[in-house]
1. Count the net charge of all other residues whose Cβ sits under 15 Å from the Cβ of Met1, scoring Lys and Arg as +1 and Asp and Glu as -1.
2. Semi-axes of the equivalent ellipsoid for the chain, please: Cα gyration tensor eigenvalues, times 5, square-rooted, ordered largest first, whole Å.
3. For the charge dipole of the chain, defined by +1 on Lys and Arg C-beta atoms and -1 on Asp and Glu C-beta atoms about the Cα centroid, which residue among Phe18, Ser144, Ala117 has the Cα displaced farthest towards the positive pole?
4. At 222 nm, what helix-only mean residue ellipticity would the chain give, in deg cm²/dmol to the nearest 500, using -39500 (n - 2.57) for each DSSP H run of four or more?
5. I need to check one value: relative contact order of the chain, counting alpha carbon pairs closer than 8 Å and at least 6 residues apart, in percent.
6. Residue farthest toward the positive end of the dipole of the range 2-157, with Cβ of Lys/Arg at +1 and Asp/Glu at -1: which of Ala50, Ile128, Phe99?
7. How high is the FRET efficiency between Leu102 and Ala137 when r is their beta carbon distance and R₀ equals 22 Å, given to the nearest 0.05?
8. Between beta-carbons, use under 12 Å as the cut-off and find the net charge around Thr107, counting Lys and Arg +1, Asp and Glu -1.
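We did not get these values from a lab; they are worked out from the coordinates using the rules stated. The structure presented is a predicted model; accordingly, all values stated were derived computationally and were not measured. In this analysis, Cβ positions are derived from the backbone assuming ideal geometry, glycine residues included, and neighbour counts consider all displayed protein chains.
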Amino acid sequence: MVALEEFTIVRAPIERCFDLARSVEVHLAGNLHSGEMAVATAGVTSGLIAMGQRVTWRAKHFGIWHNLTSEITALERPAYFQDRMLRGPFRFMQHDHFFRRLPSGETEMKDAFCFAAPLPVLGILAEIVFLRRYMRALLQERNSVLKQIAESSEWTKYLPQAPAANLG
């Protein structure tokens, strides 16, 4: 089994970062290279994923189309959520997302990502030779896109706006 940790500092409020990390559309924007899409075979296909909700992702990796269904199994807004693979190409996959407000007003995002490749002997070899590096690059790419969206006005395209206060 492989355990990866990634840290990203974002110049944006913790609530914005937390919600963008749960956005189906932001997830897809961070995975353009794989042709990823959310398919309607199980669960939600757009918006913010909530506790107990499932999403099935379809993407091409290593020249092969894969479906992966995950579920949000823990959620404490705005500090933490977890998604776990229910069905997919791995023997096991769990992604813990941690968010911490820094004194500067920035947000630290920490990803703790664990997975185990299928096929015990060949899977371990694949984990060592290329999967660890490939999955880390996917996390970094996703976080880079999320950071860019959160730090610009682009985030307003992905998150619902609070209604303006009635001044009159």
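1. With Lys, Arg at +1 and Asp, Glu at -1, the neighbours total +1.
2. 29, 18, 14
3. Ala117
4. Calculated mean residue ellipticity at 222 nm is -7000 deg cm²/dmol.
5. Details: 329 pairs, mean separation 48.2, N = 168.
Reported as a whole number, the value is 29 percent.
6. Ile128
7. Computed FRET efficiency for Leu102 and Ala137 comes out at 0.30.
8. With Lys, Arg at +1 and Asp, Glu at -1, the neighbours total +1.
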